[in-house]
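A short worksheet on the structure shown next.
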Amino acid sequence: MYLGQGFMAGEVEETSVILQTRLTASDTLVDRDIPGMAGWAAFEIDTRDDFSTAVRTELLEARDDHDFIV
């Protein structure tokens, strides 16, 4: 499982952010696409570089009907 297309952070505010990524089966193009992959993911965020006070989201399911995006 890879994050072959990276992740996005948007609408960043002082106490919130919208995060999104797509689970992929590889990190390279296959027929000009990166195949998606079903699975589970969570995001961890922290204001500290060492993540010593990290907050983790609930597990989110990446499904075909949502193009494997969480």
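Across Arg48, Arg56, Arg32, the residue with the most accessible area heads the list, and the full order at a 1.4 Å probe is Arg32, Arg56, Arg48. Considering every alpha-carbon pair of the chain, the percent of pairs per 10 Å bin, from zero through the bin containing the longest distance, is 20, 44, 28, 8, 0. The chymotrypsin sites (Phe, Trp or Tyr not before Pro) of the chain that DSSP puts in a loop, and whose beta carbon has at most 13 other beta carbons within 10 Å, are Phe51. Modelled spin-label separation between Val17 and Ser52, with each label point placed 7 Å from Cα along the Cα-to-Cβ direction: 2.0 nm. What residue among Glu58, Glu11, Glu44 shows peak mean-square fluctuation when the chain is described by a Gaussian network model with Cα springs under 10 Å? The residue with the greatest mean-square fluctuation here is Glu11.
Once backbone amide H atoms are built at 1.01 Å from N, Gly39 has Ala62 as its partners under 5 Å, excluding neighbours fewer than 5 places away on the same chain.
Assuming charge only on the beta carbon of Lys and Arg (+1) and of Asp and Glu (-1), the dipole of the chain about its Cα centre is about 160 debye to the nearest 20. Split the accessible area of the chain by element, probe 1.4 Å, and carbon with sulfur accounts for 51%. For the chain, the solvent-accessible area of protein heavy atoms averages 79 Å² per residue (probe radius 1.4 Å; ligands and nucleic acids excluded).
The values are calculated or read from the model by the stated rules, or taken from the named source; none is laboratory data. Quick caveat: nothing in here was measured; it's all calculated off a predicted structure. Cβ atoms come from the backbone with ideal geometry, glycine included; neighbour counts cover every protein chain shown. Remember, those area values only see protein heavy atoms, side chains included, never the ligands or the DNA or RNA. Shrake-Rupley method; radii C 1.70, N 1.55, O 1.52, S 1.80 Å.
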